[in-house]
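J.: My questions all concern the structure below.
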Amino acid sequence: MTREQLGGKLNLAPRYIVSIENEGQHPSLQVLYELVTLFNISVDQFFFEKKPERSTLRRQVDGLIDSISERDLPIIEATARGIIETRTETED
């Protein structure tokens with residue numbers, strides 16, 4: 001789609017589209033909404049930091065932690081801190 005075609009669909013000047021596309025200008029919320037709707041783009045990539053892919057084991061541990069009561073979380077925290085401190089000491 002050309003800038004002229006896009007501008008016609010969204011009632012925007014092609015120069016404004018160039019400024020968003022090439023010059024780093026941020027579109028208004030309304031224009032952003034119209035663009036993501038028109039092109040069927042998820043806004044998650046713009047608003048949420050991409051999290052690194054987690055291993056299966058990491059997801060399993062996270063699931064286990066989610067099932068632990070608040071009362072028992074200090075034990076998990078202390079264990080994690082102990083592991084980190086031990087690793088730091090052995091690296092020195």
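J.: Got at least one residue in segment 8-21 being in a helix (DSSP H, G or I) and at pLDDT below 90?
T.: yes
J.: Now, a different point. Just checking, does segment 50-61 include any residue being assigned to a helix (DSSP H, G or I), among the aliphatic types (A, V, I, L, M) and surrounded by 10 or more Cβ atoms within 10 Å (Cβ to Cβ)?
T.: Scanning segment 50-61 turns up at least one residue that is assigned to a helix (DSSP H, G or I), among the aliphatic types (A, V, I, L, M) and surrounded by 10 or more Cβ atoms within 10 Å (Cβ to Cβ).
J.: Show the residue pairs that are 6+ apart or on different chains and have beta-carbon atoms under 7 Å apart, the first residue being within segment 27-45 and of a type in the set (Val, Ile, Thr), the second being at pLDDT below 90 and in a loop (DSSP other than H, G, I, E, B).
T.: Once the first residue is of a type in the set (Val, Ile, Thr) and sits in segment 27-45, its partners that are at pLDDT below 90 and in a loop (DSSP other than H, G, I, E, B) give 36/43.
The values are calculated or read from the model by the stated rules, or taken from the named source; none is laboratory data. None of these values were measured; they are calculated from a predicted model. In this analysis, Cβ positions are derived from the backbone assuming ideal geometry, glycine residues included, and neighbour counts consider all displayed protein chains.
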